[in-house]
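Asks: Pasting a structure below so you can have a look.
The values are calculated or read from the model by the stated rules, or taken from the named source; none is laboratory data. What you are looking at is a predicted structure, and each value in this text was computed from that prediction instead of being measured. A quick note on method: Cβ atoms are made from the backbone with ideal geometry, for glycine too, and the neighbour counts reach across all protein chains shown. Accessible surface is based on the protein model in full, side chains and every heavy atom, while ligands, DNA and RNA are left aside. Shrake-Rupley method; radii C 1.70, N 1.55, O 1.52, S 1.80 Å.
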Amino acid sequence: MRDTLGQVYHLARRSVVRQARQPANVVAPIIFPLGLLAVNSGGLQPATAIPGFPTDRFVAFALAIPFMQGALFATMNAGTDLARDIQTGFLNRLSLTPVRGVALVVGQLAGVAFVATIQAVVYVLVAYAVHVHPAAGAAGVVVLLGLAIAIAIGFGAAGVFMALRTGSGESVQGLFPVLFVFLLVSSMNFPRNLIEAGWFRWLATVNPVSYLIEGLRSLIIEGWNGEALALAFAFSGILIALSLVASGFALRTRMTRT
Amino acid sequence: MRAVRDFRNVAFAVGWRTIHNVLHNPSLLIPGMVFPLLNFVAFAGGLSRLRHIPGFDYPPGYAGFQFCFVLLQSAAFGGVFTGFGIARDFEYGFSRRLMLASTRRSGVIAGYAIGALVRWLITSVAVTAVAVIAGMRIKGSPVDLAGLWVLAIMVNFAFLCWACGIAMRFQSVQAGPIMQTPVFLLLFFAPVYVPLKLLQGWIHAVATGNPITQLLEANRSLLAGQPAHVGVAYLVAVGLILGLSAWAVLSLRHAEASG
């Protein structure tokens with residue numbers, strides 16, 4: 001157990017240092033979502049005039065989206081870094097050591113958690129800067145950060161799985177649009193109950209990403225909504241569990257191949 | 001006369017090659033087609049309730065309102081995606097051989113423009129079909145619609161010139177973000193979701209000064225059969241073409257000079 005924790009520590013440290021040494025990996029997931037937030041909150045502000053819209057400031061409504069977009073970037077970063085390790089033979093050399101698979105995956109996710117924490121703190125600061133005060137208060141901000149990190153780890157684990165499965169950074173990058181579809185077809189821009197097109201409302205309802213967004217959003221514009229938070233944590237937990245199990249199988253196959 | 005023939009030969013050869021590459025490689029064709037379609041689905045499907053906002057009155061419906069944006073977006077990105085191919089040609093050394101073999105090198109830009117146009121026409125057919133299925137009501141006459149499509153073709157050519165210029169300067173696919181980010185920002189700082197008159201605050205000021213706004217509002221008026229400010233939009237499009245084609249030609253000279 002102590003050996004495994006030691007392995008996790010060393011690989012996590014490597015992952016964090018690696019992220020910190022690639023400013024593009026940290027800056028892009030912050031700048032791009034904030035740019036989109038500015039555009040969408042300006043362009044969609046008139047939507048708040050629709051009866052039943054849950055807030056009178058669209059920027060407050062849309063603030064949950066950067067957390068999700070940041071998580072998607074985490075998928076790409078974690079996956080691309082691991083794929084590079086596979087392509088450069090680092091994983092091959094690692095497989096000759098007594099390092100355990102769980103240490104490799106958890107260590108990789110430490111870098112994701114590191115970037116996700118920075119992102120989430122920046123987004124919260126931006127919220128206060130534009131006079132959006134999370135309705136759930138200071139404790140809500142802590143839960144918001146926790147949920148954001150959990151979501152990023154879930155997507156990061158999915159990125160790790162993709163990297164182990166494909167072994168190619170290009171393939172991992174190519175999957176970005178596929179994941180982005182989940183974001184587009186969700187309650188990202190409108191509350192589900194106000195979506196007019198029935199087929200789109202159905203798609204948004206069966207899309208787990210809607211519940212992740214709604215959990216984050218509830219803390220900002222509603223306060224404490226137990227159902228929204230429970231669903232968000234449940235879906236992020238399921239995503240983490242499924243991705244880790246899939247990564248475990250993929251890692252076993254990858255190690256056998258090497 | 002010979003100069004015209006040389007120009008035409010080079011343009012058609014490069015154009016044919018670009019079209020052939022795109023049609024035989026789904027990874028080049030599909031993203032350019034799927035990206036605008038997804039945007040259309042997300043905007044027209046997810047935001048259609050915006051048509052109930054006081055002051056929003058658009059006869060072709062919200063699907064038509066978004067169609068005009070997505071058509072222009074697909075036209076602009078049709079040019080940008082072709083720019084990626086030009087950069088790849090430089091990376092692989094093909095452009096160097098192309099420059100050596102071309103008797104009239106400005107025909108190279110025209111050839112890429114032909115490729116970008118055909119590529120976008122394929123996408124535009126798909127976008128139009130989906131928009132009609134989604135309930136877009138076409139109120140404009142055939143002349144209005146022709147005007148709408150010609151504006152989109154001009155946008156396609158203008159942004160092909162932009163991307164071509166970047167590709168010839170940097171000669172690397174790594175310049176991709178420089179090609180697409182400004183185009184993306186220009187497009188999204190236009191009145192994408194609601195008409196200009198309903199925008200408020202800083203976004204209204206930015207959208208008012210954005211040349212894409214003129215094109216978008218004119219296209220929407222043409223689809224609705226109520227042409228407004230179309231002449232201004234055509235002037236803006238001509239200005240974009242003149243400016244960006246000069247940029248492309250200068251970049252071509254730069255590429256020639258750098259060997």
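Asks: Please indicate, with yes or no, whether at least one residue in segment B:94-117 is open to solvent by 20 Å² or more (accessible area, probe 1.4 Å), within 14 Å of chain A (Cβ to nearest Cβ), assigned to a helix (DSSP H, G or I) and basic (Lys, Arg).
Replies: Checking segment B:94-117: not a single residue is open to solvent by 20 Å² or more (accessible area, probe 1.4 Å), within 14 Å of chain A (Cβ to nearest Cβ), assigned to a helix (DSSP H, G or I) and basic (Lys, Arg).
Asks: Considering only residues that are more than 7 Å from every other protein chain (Cβ to nearest Cβ) and not in a helix (DSSP H, G or I), which ones fall in segment A:182-205?
Replies: A:186, A:187, A:188, A:191
Asks: From the residues in segment A:26-54 that are β-branched (Val, Ile, Thr) and open to solvent by 40 Å² or more (accessible area, probe 1.4 Å), which one is farthest from the other protein chains (Cβ to nearest Cβ)?
Replies: Here the residue is A:27.
Asks: For residue B:80, state whether it is open to solvent by 30 Å² or more (accessible area, probe 1.4 Å) and within 19 Å of the chain's Cα centre (by Cα).
Replies: Spelling it out, it is not the case that residue B:80 is open to solvent by 30 Å² or more (accessible area, probe 1.4 Å) and within 19 Å of the chain's Cα centre (by Cα).
Asks: Oh, and also: Only one of these is open to solvent by less than 20 Å² (accessible area, probe 1.4 Å), within 25 Å of residue A:226 (Cα to Cα) and in contact (Cβ under 8 Å) with a residue 60 or more places away in the chain: A:111, A:140. Name it.
Replies: Just one listed residue meets the conditions, A:140.
Asks: Name the pairs whose Cβ atoms lie under 6 Å apart, with the first residue in segment B:69-96 and more than 19 Å from residue B:124 (Cβ to Cβ), the second among the aromatic types (Phe, Trp, Tyr), and 6 or more positions between them or separate chains?
Replies: B:86/B:112
Asks: Anything in segment A:55-96 that is in a loop (DSSP other than H, G, I, E, B), surrounded by fewer than 16 Cβ atoms within 10 Å (Cβ to Cβ) and away from every other protein chain (no Cβ under 14 Å)? List them, or say none. Give the steps one after another, and end with the answer.
Replies: Taking segment A:55-96 first, the residues in a loop (DSSP other than H, G, I, E, B) are A:55-57, A:63, A:88-89, A:96.
Add one more test, that the residue is surrounded by fewer than 16 Cβ atoms within 10 Å (Cβ to Cβ), and what stays is A:56-57, A:88-89, A:96.
Scanning segment A:55-96 gives A:88, A:89, A:96.
Asks: Which of the numbered conditions does residue B:205 fail, given that it passes all the others? Conditions: (1) open to solvent by less than 60 Å² (accessible area, probe 1.4 Å); (2) within 12 Å of chain A (Cβ to nearest Cβ).
Replies: So the condition that residue B:205 fails would be (1).
Asks: While we're here: Within the group B:199, B:235, which residue is farther than 14 Å from residue B:152 by Cβ, within 20 Å of the chain's Cα centre (by Cα) and without any contact (Cβ under 8 Å) to a residue 24 or more places away in the chain?
Replies: B:235
Asks: Quick check on segment B:141-149. Is at least one of its residues under 20 Å from the mean Cα position of the chain (by Cα) and open to solvent by less than 20 Å² (accessible area, probe 1.4 Å)? Can you show your working first?
Replies: To start, the set of residues in segment B:141-149 that are under 20 Å from the mean Cα position of the chain (by Cα) comprises B:144-149.
Next, from what is left, pick out any that are open to solvent by less than 20 Å² (accessible area, probe 1.4 Å): B:147-148.
Yes - at least one qualifying residue is present in segment B:141-149.
Asks: So which residues in segment A:125-137 are surrounded by fewer than 12 Cβ atoms within 10 Å (Cβ to Cβ) and assigned to a helix (DSSP H, G or I), if there are any at all?
Replies: Here is the first cut: in segment A:125-137, the residues surrounded by fewer than 12 Cβ atoms within 10 Å (Cβ to Cβ) are A:125, A:128-129, A:131.
Scanning segment A:125-137 gives A:125, A:128, A:129.
Asks: Would you pick out the residues in segment A:4-25 that are crowded, with 19+ Cβ neighbours inside 10 Å and modelled with pLDDT under 80?
Replies: A:19, A:25
Asks: Taking segment B:153-186 as the search range and keeping residues that are buried (at least 24 other Cβ atoms within 10 Å of the Cβ) and under 22 Å from residue B:64 (Cα atoms), which one is farthest from the other protein chains (Cβ to nearest Cβ)?
Replies: Among them, the one singled out is B:156.
Asks: Looking at residue B:41, is it surrounded by fewer than 17 Cβ atoms within 10 Å (Cβ to Cβ) and within 14 Å of another protein chain (Cβ to nearest Cβ)?
Replies: no
Asks: So, one more: Kindly establish whether residue B:71 is surrounded by fewer than 19 Cβ atoms within 10 Å (Cβ to Cβ), at pLDDT 90 or above and away from every other protein chain (no Cβ under 14 Å).
Replies: No.
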